[in-house]
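Worksheet: the structure to be examined is printed underneath.
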Amino acid sequence: MTKEFFELMSNNYTSFLKLHKTSILLGIGSLLFYFAFAYDLVRDDFPKLLTLFVALFFLHYKLVQFQSWNLKFLLVIGILFRFVFIFAEPNLSQDFYRFIWDGELIWAGYNPYIHIPNDLMQQPDFAIPNQAELYNGMGSLSAKHFSNYPPINQILFSIAVFFGGGSILGSIVAMRTLILCTDIGILFFGQKLLQQFNLPKHAAFWYFLNPLVIIELTGNLHFEGVMLFFFIWSMYLISKGKWILASPIYAASIMVKLVPILFLPLFLRYFGIKRSALFYTFVGLVCILLFLPFHDVAFVNNYAETIGLWFSNFEFNAGIYNGLKQIAVGLFDAKPWELIKVYGSWVVRITILGTLLIALLRKNETLDQVMLSMLMVLTGYYLLSTTVHPWYLVFLIALACFTKYRFAILWSLLVILSYYAYSKADYSENLWLLAIEYLMVFAYLIYEIVGKDRKKLDFFKKYMPF
């Protein structure tokens, strides 16, 4: 009996290897590349960064292509890819220092919305664990501003610090574990939502195995994944008619990152006026309740001022803005610091107006139509924005999985070109690389909008078959 059992197991193991040989090799190759990315890369080594990322992108595409029928295999390797980073210090972003700083402030009794790191460091009685390393690590830009991370983010920072036990690496591992778990949650509810839309479940793996998602979330500890977990969960509940239960979860998504607040008008035609009003009321009340523990007389002004900086001071990897800036400065002698303030204010107006028009003029009578409208709104905002960090695109990748559009997946590859700026001592951007990024995204987006299957261009069909 024992001999027969081992022979059976051996035969099954051999059959499994034969059946999955190519995919296993692709997985092992990806693991090695992720290991190099996590432990043997500095962000100013742009050629190495670009090579590793392009290789990982190609391998992830092939894995989904070969194993779209075997979702358990894709789940396991997706988790393994994330585990590679578990003890690595983020190497493409220093934001995690501010996350830990804010968490330590809360435990020390300070409100991160009313205390600037620069000011706190001047106080002789101020003391938190690892304060000098955290302060120096977050950089001068973060150190001179109030925290802009919403309340649930702050709560999660403080939880990570608690489990970190005063260790920076311990806090990193705690945050990384949380982000990994929420990515699994996104996959779980995402596949259920795909079934509701009669779409193939494997489409969720365009998100789950995407190198940008793995590197920027699990690797660099950005909390877009936590926001998406609450967002996708709430959308699934809405698809099941449980919109009241979904409202506090949607509010939680907003309170991790503010982006989902932009989509609220899009529910108007889907819910109808009465239910929309109730949904907005429930979401608003939960958001207010979550802010209450941090409320202070100076809170509103400080937070609004910090958020406003994204529209009037910061610029990185901009698309349309960079083109207009070159024209305005080169031909009309415009002052860049004045231009960005005016442009940023118009981006807000155009985004709000565009969202309202899409909310009122598109049907949005089914949830899949609503999610397509969300993709349209967020794409328009990012194309207009003065600041598009690579991890911002994670939301677009997730939304695209629920539609027929795949330009966001292409963009998730091309956005790595923006990291060229970190290879320069002054962080200067290469506008030619940004032009390549945006022109290719625009070209593929236009093709997806106006192209027909029977008229596919050979270039897109051959090289971009997402």
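The values are calculated or read from the model by the stated rules, or taken from the named source; none is laboratory data. Bear in mind the structure is a predicted one, so any value in this text is a computation, not a measurement. Methodologically, a virtual Cβ is constructed for each residue, glycine included, from the backbone with ideal geometry; neighbour enumeration extends over all protein chains shown. Note: accessible area is taken over every heavy atom of the protein model, side chains too, but ligands, DNA and RNA are not part of it. Shrake-Rupley method; radii C 1.70, N 1.55, O 1.52, S 1.80 Å.
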- Note on the structure: Among residues of the stretch 365-388 being over 25 Å from residue 185 (Cβ atoms) and touching a Phe, Trp or Tyr at 6+ places or on another chain (Cβ under 6 Å), the residue surrounded by the fewest Cβ atoms within 10 Å (Cβ to Cβ) is 387
- Item | Residue that is free of Cβ contacts under 8 Å to residues at least 40 places away in the same chain and crowded, with 21+ Cβ neighbours inside 10 Å, where the choices are 411, 391 | 411
- Message: Can you go through 263, 314 and tell me which one is within 30 Å of residue 106 (Cβ to Cβ), of a type in the set (A, V, I, L, M, F, W, C) and not in a helix (DSSP H, G or I)?
- Response: 314
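Against the condition in a helix (DSSP H, G or I), within 29 Å of residue 393 (Cβ to Cβ) and in contact with a Ser or Thr (Cβ under 6 Å, 6 or more places away or on another chain), how does residue 283 come out, does it pass? Break it down into steps so the answer makes sense when it comes.
Numbers: in a helix (DSSP H, G or I): yes; within 29 Å of residue 393 (Cβ to Cβ): yes; in contact with a Ser or Thr (Cβ under 6 Å, 6 or more places away or on another chain): yes.
Against the criterion (in a helix (DSSP H, G or I), within 29 Å of residue 393 (Cβ to Cβ) and in contact with a Ser or Thr (Cβ under 6 Å, 6 or more places away or on another chain)), residue 283 qualifies.
Taking residue 142 as the residue in question, decide whether it is without any contact (Cβ under 8 Å) to a residue 60 or more places away in the chain, within 20 Å of the chain's Cα centre (by Cα) and closer than 19 Å to residue 304 by Cβ.
On the way: without any contact (Cβ under 8 Å) to a residue 60 or more places away in the chain: yes; within 20 Å of the chain's Cα centre (by Cα): yes; closer than 19 Å to residue 304 by Cβ: yes.
So residue 142 fits the description; yes.
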- Message: I'm trying to understand the selection: among the residues of the stretch 242-277, which are of a type in the set (A, V, I, L, M, F, W, C), over 16 Å from residue 226 (Cβ atoms) and open to solvent by less than 70 Å² (accessible area, probe 1.4 Å)?
- Response: 243, 246, 262, 263, 264, 266, 267, 268, 271, 277
- Task: Looking only at the stretch 75-95, decide whether some residue is touching a helix residue (DSSP H, G or I) at 6+ places or on another chain (Cβ under 7 Å) and without any contact (Cβ under 8 Å) to a residue 40 or more places away in the chain.
- Result: no
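Take the residues in the stretch 91-140 that are of a type outside the set (Asp, Glu) and in contact with a His (Cβ under 8 Å, 6 or more places away or on another chain); name whichever of them is farthest from residue 301 (Cα to Cα). Give the derivation first.
From the stretch 91-140, those of a type outside the set (Asp, Glu) are 91-94, 96-101, 103, 105-118, 120-124, 126-132, 134-140; that's our starting set.
Next, from what is left, pick out any that are in contact with a His (Cβ under 8 Å, 6 or more places away or on another chain): 93, 105, 116.
On the way: 93: 28, 105: 20, 116: 14 Å.
The residue in question is 93.
Output yes when any residue across the stretch 205-227 is open to solvent by 40 Å² or more (accessible area, probe 1.4 Å), touching a helix residue (DSSP H, G or I) at 6+ places or on another chain (Cβ under 6 Å) and at pLDDT 95 or above, and no when none is.
So the first thing to find is which residues in the stretch 205-227 are open to solvent by 40 Å² or more (accessible area, probe 1.4 Å), and the list is none.
No: the stretch 205-227 contains no residue that is open to solvent by 40 Å² or more (accessible area, probe 1.4 Å), touching a helix residue (DSSP H, G or I) at 6+ places or on another chain (Cβ under 6 Å) and at pLDDT 95 or above.
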- Could you grab me the full set of residues in the stretch 169-182 that are buried (at least 16 other Cβ atoms within 10 Å of the Cβ) and touching an Asp or Glu at 6+ places or on another chain (Cβ under 8 Å)? 172
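Yes or no: residue 142 among the small types (Gly, Ala, Ser), outside any loop (DSSP other than H, G, I, E, B) and modelled with pLDDT of 95 or more?
Considered against the rule, which asks whether it is among the small types (Gly, Ala, Ser), outside any loop (DSSP other than H, G, I, E, B) and modelled with pLDDT of 95 or more, residue 142 comes out as no.
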- Return a yes/no flag: does the stretch 346-362 have any residue that is open to solvent by less than 40 Å² (accessible area, probe 1.4 Å), within 23 Å of residue 267 (Cβ to Cβ), within 18 Å of the chain's Cα centre (by Cα) and of a type in the set (Val, Ile, Thr). no
- Query: Does residue 438 satisfy being within 15 Å of residue 319 (Cα to Cα), of a type in the set (Ser, Thr, Tyr), open to solvent by 30 Å² or more (accessible area, probe 1.4 Å) and under 22 Å from the mean Cα position of the chain (by Cα)?
  - Reply: no
- Item | the stretch 80-129, subset more than 23 Å from residue 148 (Cβ to Cβ) and assigned to a helix (DSSP H, G or I), residue most open to solvent (accessible area, probe 1.4 Å) | 83
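Given the criteria modelled with pLDDT of 95 or more, out of contact with any strand residue (DSSP E or B) (no Cβ under 8 Å at 6 or more places or on another chain) and surrounded by 13 or more Cβ atoms within 10 Å (Cβ to Cβ), does residue 50 qualify?
Numbers: modelled with pLDDT of 95 or more: yes; out of contact with any strand residue (DSSP E or B) (no Cβ under 8 Å at 6 or more places or on another chain): yes; surrounded by 13 or more Cβ atoms within 10 Å (Cβ to Cβ): yes.
Yes, satisfied.
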- Note on residue 402: of the conditions (1) part of a helix (DSSP H, G or I); (2) modelled with pLDDT of 95 or more; (3) more than 16 Å from residue 441 (Cα to Cα), unmet is (1)
- When (1) surrounded by 15 or more Cβ atoms within 10 Å (Cβ to Cβ); (2) touching an Asp or Glu at 6+ places or on another chain (Cβ under 8 Å); (3) at pLDDT 95 or above are applied to residue 185, the one that fails is (2)
